[in-house]
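Taking it in order: structure first as structure tokens, then the write-up.
None of the figures in this text is laboratory data; all of them are computed from the coordinates on show. This one's a predicted model, so the numbers in the text were calculated from it and none came from an experiment. A quick note on method: Cβ atoms are made from the backbone with ideal geometry, for glycine too, and the neighbour counts reach across all protein chains shown.
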Amino acid sequence: MIRSHLPALAMALACTLLAACATAPAPLQGSYAAVSPDQATTSASSTGTAVRWGGRIVEVTPQADRTCFQMLSAPLDGNGRPSFSGNRTGGRFIACRAGFYDPALFAADREVTFTGRIAATEQVRIGEYDYRLPRMDADVVYLWPERADVQVIRYEPYPWGWGPGWWW
């Protein structure tokens, strides 16, 4: 009886182990409200809400006692990393954290995830337009490693490509 269930148990164990691999890094773990930056801009009641937001850096502004990041928001994947598949964004937001974060390291287009609380909205000027962006007071600033550029090279079997075919 037990032997007939072994394949199912092995499959369940494998699925559990694979699911455990898709977790956020320790600093990003926790429970956060499902409020996007776009929603936070239009809702004044979201002030003080704990959120986890991420995206690509647009601009970094070191100030006297803190550093503020202007971000292009993106949905987060199962690891908490910004996912720009399908060119979906959740608008822009500003995240500020006490201390100095070097703009050379936190350069434009780098991916970052923040955890913190929604503090307020700020007026910013982008080109000739005035925008209201939500600002979060960040507790965690998580800079993701740059993604590797992978190129796939496919060789066709002879006579359509390189070398002899399967018969050699």
Antiparallel DSSP beta bridges within the stretch 88-156, as percent of all bridges there, nearest 5: 80
Take the alpha-carbon centre of the stretch 129-144, take the same for the stretch 45-103, and report the distance between them in whole Å. 4
Gain in length, residue 100 to residue 87, computed as 0.36 nm per residue apart minus the alpha-carbon separation, to one decimal in nm? 1.6 nm
Mind running the shape call on the stretch 15-133? Use the C-alpha gyration tensor, a ≥ b ≥ c as the square roots of the eigenvalues: rounded below 1.5 for a/c, prolate if a/b tops b/c, oblate otherwise. prolate
Around residue 121: net Lys/Arg minus Asp/Glu count, Cβ-Cβ under 9 Å: +1
When the chain is fully extended, how far beyond the present Cα-Cα distance does residue 147 get from residue 79, taking 0.36 nm per residue of separation? 23.1 nm
Once you have a ≥ b ≥ c as the square roots of the Cα gyration tensor eigenvalues for the stretch 71-152, tell me rounded if a/c is under 1.5, and otherwise prolate or oblate according to whether a/b is larger than b/c. prolate
Residues whose placed amide H lies under 5 Å from that of residue 122, excluding near-sequence neighbours: 133, 135
